[in-house]
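Encoded as structure tokens, the structure appears first; notes follow it.
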Amino acid sequence: MAESPCQACGACCAYSSNWPRFTTEDDAALDRIPADLVNEKLSGMRCEGERCAALQGKVGIATSCGIYAIRPEVCRTCMPGDAECAMTRKKHGLPALSGFGA
């Protein structure tokens, strides 16, 4: 199976400190996320600048999520090549993905 284009990107995880918000997660799902990765308001992931604290690696080169198996719903619904993907890639100077998305 081919590697996900997300593993060579990470732009959506380093776009905005307001982006990785909790939405439909229940308390049990939120309790699995390490407390040091949750923001002070308990409303989303903690960010370092605009970058999610769970993002590992270098944007546009090689990245991974440190909590991939328990990542928030907003992260689960991101799709390679969709409008949000294109917007975040553009901010980081990366070309839009072709062959993916909407």
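The values are calculated or read from the model by the stated rules, or taken from the named source; none is laboratory data. Given the structure is predicted, the values throughout are model-derived calculations rather than measurements. A quick note on method: Cβ atoms are made from the backbone with ideal geometry, for glycine too, and the neighbour counts reach across all protein chains shown.
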Under 7 Å between Cβ atoms, which residue pairs at least 6 apart in sequence (or on different chains) link something in the range 1-30 that is over 19 Å from G93 (Cα atoms) and among the β-branched types (V, I, T) with a partner that is at pLDDT 85 or above and outside any loop (DSSP other than H, G, I, E, B)?
T23/E73; T23/V74; T24/E73
Residues of the range 40-86 being modelled with pLDDT under 95, over 24 Å from S98 (Cβ atoms) and of a type in the set (S, T, N, Q), which ones?
S43
Looking at the range 37-44, can you tell me whether even one residue there is in a loop (DSSP other than H, G, I, E, B) and either under 30 Å from P95 (Cβ atoms) or among the hydrophobic types (A, V, I, L, M, F, W, C) (or both)?
yes
Looking only at residues that are over 11 Å from the mean Cα position of the chain (by Cα) and assigned to a strand (DSSP E or B) in the range 48-58, which one is nearest to T23 (Cα to Cα)?
E48
If I ask for residues that are surrounded by 14 or more Cβ atoms within 10 Å (Cβ to Cβ), more than 16 Å from P20 (Cα to Cα) and either in contact with a His (Cβ under 6 Å, 6 or more places away or on another chain) or aliphatic (A, V, I, L, M) (or both), which ones from the range 61-102 would you list?
A86, L94, L97
For the range 59-101, name all the residues that are under 13 Å from the mean Cα position of the chain (by Cα) and part of a strand (DSSP E or B).
T63, S64, C65
